[in-house]
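Worksheet: one structure, shown below.
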Amino acid sequence: MQDRYGHRISYLRVSITDRCNERCTYCMPQELQEWLPREEILTFEETLRLIRIAAELGVSKVRVTGGEPLTRRDVVHFIAQIPTISGIKNLGLSTNGTLLARQITSGKTMATALREAGVQSVNISLDTLDRDVYSRITGRDFHAQVLEGIDAAIAVGFDQIKLNTVLMRGRNENQLIPLIEFAASRNLILRFIEMMPVSTTDVLSENNFMSILEAKRLIESVYGSLIPETEFRTNGPATYYQIPGCKQRIGFIGAMTNLHFCENCNKLRLTCDGKLRPCLGSYLEFDIMKPLRAGASDEELKQFFLDVVDRKPEQHDFRDNYQPNRKMIAIGG
């Protein structure tokens, strides 16, 4: 699949639930979330069919997201079926990490089960090492569980583990260096992400927003000039650097300030309620659940994918007075 701007689509981010056990202010700012009823959520069988169709159109990487995907029942069984789909070469998971160390059977953690199911890479949210700040950001006192989850992920040997830190002025700017040291001690990639107005425009106030440029300057004031790693790429839009004097790699994701952010976009999003979104930072979304449940053939669903890709915008709308219409938790991380 290729859109009219030359974006080759090989990456599908699949949300399997809008539910989460945390309440992060930038993702789900309201405590009273009205969860989608079960009948409005794609079944695992429906989701697997859409992944297979996407794979036949050239998608080779799938990342399972939420909400918090590990809160959905039978998630491991579902995930284990994705690598069996012809054409899928890379399987990742995005999680808040709180459930990775949970024992699901005698002697087996969730992390172990996911690794055995074929998950190759895991992205774990970690905005701070300060327990109190963590509780204020997430609305939950799960900091210890996240650290245990990170260690559980390391123990089972995923091919790649990335820590994701959302930059928040007044909340975690003093945590950047401790987070770098934490990631370095565990040989993990750390990425700093600018807040985007997906759930609420309030995050872009001067009191809240911190740019990747400011974060980079703060880090360089401690370590010296960062060393660009222009040849290193993951499937996302991060630009990577190495900390001088060590092998620690950090990345920066700047949707708001990087004017070239969208140039190499290769992804579509499938929401848990059956919407295909060609761009996170756009209102555009298309209901593929309706034709799917009305009995559409594989060929008809393939054409649906192609039509959505053809509508993919050249740039996101976040810098142009974007007004949220759905919370991030309902779109998928």
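Couple of notes before you dig in:
- Residues within the stretch 43-99 that are under 13 Å from LEU270 (Cβ atoms) and small (Gly, Ala, Ser), tallied: 3
- If you check GLY97, GLY92, GLY66 for being under 21 Å from GLN145 (Cα atoms) and modelled with pLDDT under 95, only one passes: GLY66.
- Filtering the stretch 82-102 to residues that are under 13 Å from ALA155 (Cβ atoms) and assigned to a strand (DSSP E or B) leaves nothing.
- The listed residues are SER86, SER125, and the only one of them that is surrounded by fewer than 22 Cβ atoms within 10 Å (Cβ to Cβ) and polar (S, T, N, Q) turns out to be SER86.
- Test result for LEU50, in a helix (DSSP H, G or I), of a type outside the set (Lys, Arg), in contact with a strand residue (DSSP E or B) (Cβ under 7 Å, 6 or more places away or on another chain) and more than 18 Å from LEU276 (Cα to Cα): no
- Test: residue in the stretch 246-257 that is at pLDDT 95 or above and part of a helix (DSSP H, G or I): no
- Odd one out for GLN160 among (1) within 22 Å of GLY254 (Cα to Cα); (2) of a type in the set (S, T, N, Q); (3) surrounded by 15 or more Cβ atoms within 10 Å (Cβ to Cβ): (3)
- Inter-residue pairs, beta-carbon under 7 Å, first in contact (Cβ under 8 Å) with a residue 40 or more places away in the chain and under 11 Å from THR165 (Cα atoms) and in the stretch 181-194, second buried (at least 17 other Cβ atoms within 10 Å of the Cβ) and of a type in the set (Ser, Thr, Tyr), 6+ apart: LEU190/THR165; ARG191/THR165; PHE192/THR165; ILE193/THR165; GLU194/SER211
- Residue, modelled with the highest pLDDT, within the stretch 128-150, restricted to residues that are surrounded by fewer than 18 Cβ atoms within 10 Å (Cβ to Cβ) and among the small types (Gly, Ala, Ser): ALA144
Rundown of residues vs (1) β-branched (Val, Ile, Thr); (2) outside any loop (DSSP other than H, G, I, E, B); (3) at pLDDT below 95, yes/no style:
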site: ARG4; (1), (2), (3): no, no, yes
site: LEU12; (1), (2), (3): no, yes, no
site: ASP18; (1), (2), (3): no, no, yes
site: ASN21; (1), (2), (3): no, no, yes
site: CYS24; (1), (2), (3): no, no, yes
site: GLN33; (1), (2), (3): no, no, yes
site: GLU39; (1), (2), (3): no, yes, yes
site: LEU42; (1), (2), (3): no, no, no
site: GLU46; (1), (2), (3): no, yes, no
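- Residue check, LEU284 under 22 Å from ASN90 (Cβ atoms), modelled with pLDDT under 95, not in a strand (DSSP E or B) and not β-branched (Val, Ile, Thr): no
- The single residue among GLY87, GLY92 that is out of contact with any strand residue (DSSP E or B) (no Cβ under 7 Å at 6 or more places or on another chain) and touching a residue at least 24 places away in the same chain (Cβ under 8 Å) turns out to be GLY87.
- Filter result (assigned to a helix (DSSP H, G or I) and either of a type in the set (A, V, I, L, M, F, W, C) or at pLDDT below 95 (or both)) within the stretch 215-232: ALA215, LEU218, ILE219, VAL222
- Candidate set: the stretch 211-242, residues that are closer than 18 Å to LYS162 by Cβ, touching a Lys or Arg at 6+ places or on another chain (Cβ under 9 Å) and not hydroxyl-bearing (Ser, Thr, Tyr); chosen: the one surrounded by the most Cβ atoms within 10 Å (Cβ to Cβ): ALA238
- Check on THR109, β-branched (Val, Ile, Thr), touching a helix residue (DSSP H, G or I) at 6+ places or on another chain (Cβ under 7 Å) and more than 28 Å from HIS77 (Cβ to Cβ): no
- Lone unmet requirement of (1) touching a strand residue (DSSP E or B) at 6+ places or on another chain (Cβ under 6 Å); (2) surrounded by fewer than 21 Cβ atoms within 10 Å (Cβ to Cβ); (3) under 16 Å from ALA183 (Cα atoms) for ALA153: (2)
The values are calculated or read from the model by the stated rules, or taken from the named source; none is laboratory data. This structure is a prediction, so every number in the text was calculated from the model and none was measured. Cβ atoms come from the backbone with ideal geometry, glycine included; neighbour counts cover every protein chain shown.
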